[in-house]
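Heads up: the structure comes next, in structure tokens.
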Amino acid sequence: MIGTFELFKVGIGPSSSHTVGPMKAAAQFMESVRRAALLPRVERVRADLYGSLAWTGKGHGTDKAVILGLAGESAEMFDAGNADRIVTSARQERMLRLSGGRTVGFDPDRDVVFDGVTVASRHPNTLAFTAFDGGDNVLHQERWCSIGGGFVVLEEEVGKAQLQTEHPVPFPFRSGNDLLSMGASSGMSIAGMVLANETSRLPREEVDAKLDHIVEVMMSCIDRGMVTDGSLPGGLEVRRRAPSLYRKLREASASNSRTQHAVMDWVSLYAIAVNEENAAGSRVVTAPTNGAAGIIPATLRYFRDHCQDADAEGLRRFLLTASAIGALFKMNASISGAEVGCQGEVGVACSMASAGLAAVLGGTNEQIENAAEIGMEHHLGMTCDPIGGLVQIPCIERNAFGAIKAISAASLALQGDGKHVVSLDKVIATMRETGKDMQSKYKETSLGGLAVNLTEC
């Protein structure tokens, strides 16, 4: 089983698979070196990046993430000022203080290698770490894969069952059909079953506190993005749009001149605000990835601010329901843009948000499953083609559309009785097969699609 807090993690932008994952893999490599009692002998470390990490890693800040991970930093405890000092010191002084306290020579241009030639055999997001002694002899080597959503595994473990609970949970669902049948036999909602799983591992008070923390980080990210002006980093000179849109919507509300599309404009604003913060490398919730980090917060904010009877319990129920759907995609397909395209990021986030919203608006388990199916069905085949390898164009706008589509999917499902022709399980299987068939240039490589067809003006 994949738990709620494995899918919803506080991290940093711009990418869960290209930033958060590599940082985590680098830190775990250094922990392996420490456990093997090799740290006192280490004089140099090197990271080789393959596949999508090599092709789009510079735009995603993968080199910076690797440096921070080797230094023992974590995305959950990220401090922007300290991170900048670590990276600047490594680049200027050619030295790095490793996790564990040992300082070694480190030249980012030499020791972080973007290898766009060697084929990544097991997964398109592959990293190889090597520790050397003073004679340049290899002390320790590991190969890691960043498999989406900030999850990392050793290369030899790719494809194997990784995310097992430490003890059996009361509702060990593996499919949408499992969710429906278990709900029918127990009389419980999807959120109720997920909560039962979580409270079999943690006290209820701790589960509620962790859910509230996720909500708080999401809402703070929206608030911060709505008032932070300027251009996004990376060279495209993309101006932040959220602050100006926020001012216009506030002025329209104050003058009572709101348009018929005002609610949709607010939802778009919420999503754009989050993804502009993500593109700037700020603190976000991986939901379930960073590239799609704005969809669930925007839909959640829509429920909180624009729907009747929203309360803290409803916000928790939204996240619990959404995590059940995200777990199905993670277990049975993928949430990695490098593996299945943007359908695995924006599509999955839309499906999760659709289900969460349907749940808090009174949907049955069948209507919730239908909402999740609709949310993904109309993202099938979406490519991942970030211009310049940056999570900006078309990623930011895709989150706004994903949130709007999530609300539409929930609305359509709630108008029905939950009966429909195509099941969520069939859509998940279709998404997986579509991703396998998709050419690699359309899967987070910046080698196809919009990434190579931007007209120079």
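With a Förster radius of 30 Å applied to the C-beta separation of S220 and Q141, the computed FRET efficiency comes to 0.15. How much of the calculated P(r) for segment 1-44 lies past 17 Å, in percent of all Cα pairs? Roughly 50 percent, once rounded to a whole number.
Every helix of 4 or more DSSP H residues in the chain counts as -39500 (n - 2.57), and over all residues that averages to -16000 deg cm²/dmol at 222 nm.
If you plug the beta carbon distance of M95 and D309 into 1/(1 + (r/R0)^6) with R0 = 35 Å, you get a FRET efficiency near 0.05.
In terms of its C-alpha gyration tensor, segment 300-432 has an oblate overall shape, because the principal axis ratio a/c (a ≥ b ≥ c, square roots of the eigenvalues) is not below 1.5 and a/b does not outweigh b/c.
Computed about its Cα centre, the charge dipole of segment 300-352 is approximately 80 debye, with only Lys, Arg, Asp and Glu carrying charge at their Cβ. Cβ crowding within 10 Å ranks S440, S253 as S253, S440, fewest other Cβ atoms first.
Using the Cβ-Cβ distance between R247 and L202 with R0 set to 30 Å, the FRET efficiency from 1/(1 + (r/R0)^6) comes to roughly 0.10. Whole angstrom only: what separates the Cα centroid of segment 258-283 from the Cα centroid of segment 13-29? For segment 258-283 versus segment 13-29, the Cα centre distance is 25 Å.
If you average the C-alpha positions of segment 304-378 and of segment 94-137 separately, how far apart do those two centres end up, in angstrom? Each part reduced to its Cα centre gives a spacing of 38 Å. Other residues with beta-carbon under 10 Å from the beta-carbon of G100 carry, at +1 per Lys or Arg and -1 per Asp or Glu, a net charge of +2. Just for the chain, what percent of DSSP beta bridges are antiparallel, to the closest 5? Of the beta bridges lying entirely in the chain, close to 85 percent run antiparallel.
Take every Cα pair under 8 Å whose residues are at least 6 apart in sequence, average their separation, divide by the length of segment 271-404, and the relative contact order is 32 percent. Of all lysines in the structure, the ones whose alpha carbon falls short of 22 Å from that of K419, not counting any fewer than 8 places away in one chain, are K405. Please compare each pair in K210/K426; K58/K443; K24/K426; K160/K441 to a cut-off of 21 Å on the Cα-Cα distance and tell me which ones are over it. Correct reply: K210/K426; K24/K426; K160/K441. Across the chain, the mean sequence separation of Cα contacts (distance under 8 Å, 6 or more residues apart), normalised by length, yields a relative contact order of 18 percent. Ranked for footprinting exposure by Cβ neighbours inside 10 Å, fewest first, I325, I86 give I86, I325.
Estimated translational diffusion coefficient (Stokes-Einstein, Kirkwood radius over Cα pairs, 20 °C, 1.002 mPa s) of segment 176-452: 114 µm² per second.
Once you reduce segment 179-257 and segment 404-455 to the center of their Cα atoms, the two points are 21 Å from each other. Averaging 1/r over each pair of different alpha-carbon atoms in segment 15-157 and inverting the result gives 14.7 Å, the Kirkwood hydrodynamic radius. Is the shape of segment 214-369 rounded, prolate or oblate, going by the alpha carbon gyration tensor and its root eigenvalues a ≥ b ≥ c, with a/c under 1.5 for rounded and a/b larger than b/c for prolate? Verdict is oblate for segment 214-369. When each of K9, K419 is scored by the number of other beta-carbon atoms lying within 10 Å, the sequence from fewest to most is K419, K9.
Taken together, the values in this text are just the output of simple stated rules run on the coordinates, not laboratory data. Here the structure is a predicted model, which is why all the values come from computation and not from measurement. Note: ideal-geometry Cβ built from the backbone for every residue, glycine included; neighbour counts use all protein chains shown.
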